[in-house]
Structure formats: structure tokens, C-alpha cells
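Okay, structure first, notes after.
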Amino acid sequence: MRATGEARRQFLAAAGGAVAALTLAPGVLLLAPAHGRAPDQPATGKVRWGLLVDTTKCASACADCVSACNRENGLSGRTGPTDAQWIRKIDLKHLRSGRQASLPMMCQHCAAPPCVDVCPTGASFKRADGIVLVDKHICIGCRYCMMACPYKARSLVHEPVTGQNPDVPRGKGTVESCTLCVHRVDRGELPACVAACAAAGHRAIVFGDLNDPASEIAQRVARHPSLQVRADLGLDPGVRYQGI
Amino acid sequence: MRSRALLGTVLVGLALGAGWAVSQERTASVGRVPKPVIAPGQGDKCVEPTDFMRRNHMQVLMFHRDRTVREGIRTPRHSLKGCVECHAGASTGTVAGNEGDFCQSCHAYAAVSIDCFECHATRPREAVAGARKP
């Protein structure tokens, strides 16, 4: 009985305890989480999560980010017309100069997302910290958002799904796309694609808070030229690319 | 015209009487009604009193789901993931899908379909990882 009681207490205090253990005194943290917030705190508009992709470090043959995304989110990895794809590798070639570049393309987490504008039920929404998500409880699978997205970032789930990751619910008849691994970000971890890219030694994708001038991503965006894909549309994507 | 009204009254009276008799019979035979088998979860008690959860777990889950999806509040207390971790069957490892599983047994008894597990995992994380391995 005592063992089961302890298990329950551990379950209840799962995330809070980890932070408390590192607290020396109120307000004094021995080791602050990288970018996490307390589990009972809502996401705030002070933060704007974004990605910076350095295409000069992104090899054409490498798809570590794609396979990490598939593994993390329980995607099949197939690329047929009815398969969900959250992130895909794209090769670019400048026709006159022959210069080539490769980059991962996923939901660009726009500040003014057209998928949210067109959603008839309010299922497609932007969280306060800039992450664009689908509330699948409300999604009716009409796919207007898929048509509105200029980046072709969204997919409809066509087949029944089993064996989901408990953190990533997925089901037939709803639209889905890159969530910026919101379940990991809320825990203070990096998105799966960023972690995989770093683990493989490429470090081509940087994740961070664009609003925080001290963050690596904000400093690199301030120092080096980077661009947003189809910036002419005025959507202000949170994903930026270097070297294209 | 008057006889018609009388006939109507008699019919209504008969129907009410029959209904009363049936309800009496139900009350009397409550001991013979099959009950769902509810396996106790891990730990010594639920996150809320059992009587409250039996009536209101759907409201609790729906309130928490909106706060989690929309605002990113991920407290474990009322999360569906927490329910699954505690209540997954000892032998089956799931909360739905098999006849005796925690959610399934009650919902089958009450003839209420569960939509949660069209999308959500019915197994805790470790079990999902284990099941994926061939």
C-alpha cells in the first residue's frame, strides 16, 4: 500500500518536484529550466517561439529532422497523397547559377496565420506564444486551412490511428501539422527536429524565443541576414531561413 | 365527443399505471441487474472523490482539455494522460479496447460511446513504447 501511495505522489508531483529540487530558496534557482514555465502557468504573449534554419549546414541527403519528427509524433513516414507529413525536406536550385540549397519546410507558425482566418469552427488557432495549432476536439476536417496555407504545411488524417504517443493525440478526420513539439516545449525541451539535428552534429536548426534579445536565435537573426519564405504575403512567419 | 374524452382519460390512466408498475419492478430487481466490473486503479485514491468522478469526470476532462490545448496548462491532476497511467488494466495495459478495461466496462454498461480514444492513447507511455517494438 505504501509503495502505491508513493507512486501516486510521484505522479501528482511529477513536474513540480523536479523544479522544487533545484530551488535553494524562494526565487533562487540552482539550475533554471532552459525555457520551461511551471505546468500550471499559461503560455504568455511575451514569448514568441521560432526557428532559424541555416541552410548552409543542411545537407541535401540528410533527413534526420524528418525521421525524428515522425518518431516523436507517431507519423508513418510515408509520403503518399493521403499520408500526414509535418515536415519535409526541399531541395532548391538556382537555375542560372546552379547554386543548390536544401531546407526543411514545415508549419511556419505565422504571426498572422491564414489557416486561423479561414477556420469555420475556431479549431485552428494561434497560442499566445506564437505556436499555431489545431484543436482537434473542434476540427471538423473541412480542410479549408490546408487550402489557405501557402506552405502546404497541413495534412488531413485519412485513416484510423492506433498506438499514438500519449503526448500527441492524432485521429482520423482531423487536420494536423507541425506543433513545434508543443508538448516538449512546455516541458522545457527542444522540438524533436532541433534535438535530432543537434545530436547528429549539424546544428542547422536553432529554436528559441524571438522576443528575447538574449536568446541565441534573436541574436543570430539580429546579426546575420535571414529571410522568411514568401515574406511578401505579410504573414510574419516564426520560421526563418539563412543562406537562401 | 364526450365518450372520446373519457376513453382518452382511461388510456392515459392505464399508461401511467403501467409505467408506475414497471418502475416499481425495476426498483425491486435492482439487486439482479448486472453491474460493470470496475478494477481499482493504482494508488490509494483517485484525484477526486469517486462519487464525484463517476458523475462529473467528463466535465473535469473537458475543462482541463481546453486549458491544456489553448493555454498550455499541463498540470497532471486532471489530465487524461494521468487517468490512463493510473487506470490502465493490469493484464491488458489499456483503459479501453478490451471488455474489462476501466473506461470500457462502464461505458459499455451505460451504452455511452467514448470518443477520447479515437485520438488519445489508451496505454501509458512505457506500454506504447513496448508495444511498438516488434
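The values are calculated or read from the model by the stated rules, or taken from the named source; none is laboratory data. For clarity, every value in this text was computed on a predicted model and none was experimentally measured. Backbone-built Cβ (ideal geometry, glycine too); neighbour counts: all protein chains shown.
Residue selection: A:Gly141 fails the criterion of being away from chain B (no Cβ under 14 Å), in contact with a Ser or Thr (Cβ under 6 Å, 6 or more places away or on another chain) and farther than 16 Å from A:Leu75 by Cβ.
Here A:Val53 meets the list (1) more than 20 Å from A:Pro237 (Cβ to Cβ); (2) not in a helix (DSSP H, G or I) almost entirely, failing just condition (1).
Given (1) over 11 Å from the mean Cα position of the chain (by Cα); (2) buried (at least 20 other Cβ atoms within 10 Å of the Cβ), where does A:Ser177 come up short, assuming only one miss? Every condition holds for A:Ser177 apart from (1). Taking into account only those residues within the stretch A:144-164 that are at pLDDT below 95 and either polar (S, T, N, Q) or touching a Gly at 6+ places or on another chain (Cβ under 6 Å) (or both), which is surrounded by the fewest Cβ atoms within 10 Å (Cβ to Cβ)? The residue in question is A:Thr162.
Taking the criterion of being facing another protein chain (nearest Cβ under 10 Å), part of a helix (DSSP H, G or I) and not polar (S, T, N, Q), the residues of the stretch B:58-80 that qualify are B:Met62, B:Arg65, B:Asp66, B:Arg67, B:Val69, B:Arg70, B:Glu71, B:Leu80. Of all residue pairs spaced 6 or more apart or on separate chains, those with beta-carbon atoms under 7 Å, a first member in the stretch A:80-100 that is touching a residue at least 40 places away in the same chain (Cβ under 8 Å) and a second member that is outside any loop (DSSP other than H, G, I, E, B) and β-branched (Val, Ile, Thr) are A:Ile87/A:Val66. When you check A:Ala195 against the structure, is it within 11 Å of another protein chain (Cβ to nearest Cβ), of a type in the set (A, V, I, L, M) and under 27 Å from A:Thr44 (Cβ atoms), yes or no? Spelling it out, it is not the case that A:Ala195 is within 11 Å of another protein chain (Cβ to nearest Cβ), of a type in the set (A, V, I, L, M) and under 27 Å from A:Thr44 (Cβ atoms).
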